[in-house]
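Before any comments, here is the structure.
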Amino acid sequence: MMASTDAGRSLLARMTNDRSSTEAAPITISIRQFRYPEDYLSVLQLWQEAGPGIHIRRSDQPGEIAKKLQRDPDLFLVAEMDHLVIGSVLGGFDGRRGMMYHLAVAAFYRYQGIGALLMEELERRLRAKGCIRYYLLVTRENQEAIRFYETRGWERLELFTYAKDLA
């Protein structure tokens with residue numbers, strides 16, 4: 001698989017067109033900025049089908065996504081193959097710390113490096129903004145995601161997470 005970003009860099013990984021095939025056929029995966037509203041329904045469906053690790057909330061509604069894109073649209077990325085959205089990650093940066101939300105890859109394309117490519121591109125963009133540390137939230141029961149993050153250098157913090165609705 002050849003993965004390219006909209007910045008023109010190339011990243012290499014491995015993937016095949018047919019998982020049952022013993023010969024690897026290269027496919028191009030593009031990592032690009034999310035386009036609103038064109039990508040919204042595809043990404044929402046991806047999140048809805050991602051499993052119990054992604055919780056769709058009011059902040060994922062179209063109006064809230066549009067507000068997020070006013071702040072840092074370059075941190076909302078999708079992985080695309082043949083014009084099909086197969087992965088996404090939503091990042092944020094407040095000028096001090098970064099956040100990663102909703103890293104998701106379609107079930108058929110998991111374990112092929114696409115989630116890692118999305119995370120690496122998000123990290124590159126966060127570094128370019130001056131971010132020195134970023135965070136993510138993961139539910140305790142999502143062991144698959146916990147393994148994924150820990151093998152990539154993430155450390156669990158002993159903190160309590162609080163939330164308060166303002167509207």
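The values are calculated or read from the model by the stated rules, or taken from the named source; none is laboratory data. Everything numeric here is computed off the predicted structure, so don't read it as measured data. Cβ atoms come from the backbone with ideal geometry, glycine included; neighbour counts cover every protein chain shown.
The figures follow:
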read-out: Region 125-145, residues that are in a helix (DSSP H, G or I) and modelled with pLDDT of 95 or more; value: R125, L126, R127, A128
read-out: Given (1) under 22 Å from I31 (Cβ atoms); (2) in contact (Cβ under 8 Å) with a residue 60 or more places away in the chain; (3) more than 13 Å from the chain's Cα centre (by Cα), number of the condition K129 does not satisfy; value: (2)
read-out: Subset of region 112-136 [surrounded by fewer than 12 Cβ atoms within 10 Å (Cβ to Cβ) and not basic (K, R)]; value: A128, G130, I132
read-out: Failed condition for G53, given (1) assigned to a loop (DSSP other than H, G, I, E, B); (2) exposed (fewer than 14 other Cβ atoms within 10 Å of the Cβ); (3) not hydrophobic (A, V, I, L, M, F, W, C); value: (2)
read-out: Only one of S42, S59 that is within 15 Å of G91 (Cα to Cα), polar (S, T, N, Q) and either at pLDDT 90 or above or not in a loop (DSSP other than H, G, I, E, B) (or both); value: S59
read-out: Of all residues making up region 95-111, the number that are closer than 16 Å to A50 by Cβ, surrounded by 14 or more Cβ atoms within 10 Å (Cβ to Cβ) and not basic (K, R); value: 8
read-out: Identity of the residue in region 30-71, among the hydroxyl-bearing types (S, T, Y) and in contact with a strand residue (DSSP E or B) (Cβ under 7 Å, 6 or more places away or on another chain), that ends up farthest from V85 (Cα to Cα); value: S30
read-out: Among the candidates G87, G92, residue that is surrounded by fewer than 20 Cβ atoms within 10 Å (Cβ to Cβ), assigned to a strand (DSSP E or B) and not hydrophobic (A, V, I, L, M, F, W, C); value: G92
read-out: Extreme residue, nearest to G51 (Cα to Cα), among residues of region 146-167 that are hydroxyl-bearing (S, T, Y) and either modelled with pLDDT of 95 or more or not in a loop (DSSP other than H, G, I, E, B) (or both); value: Y149
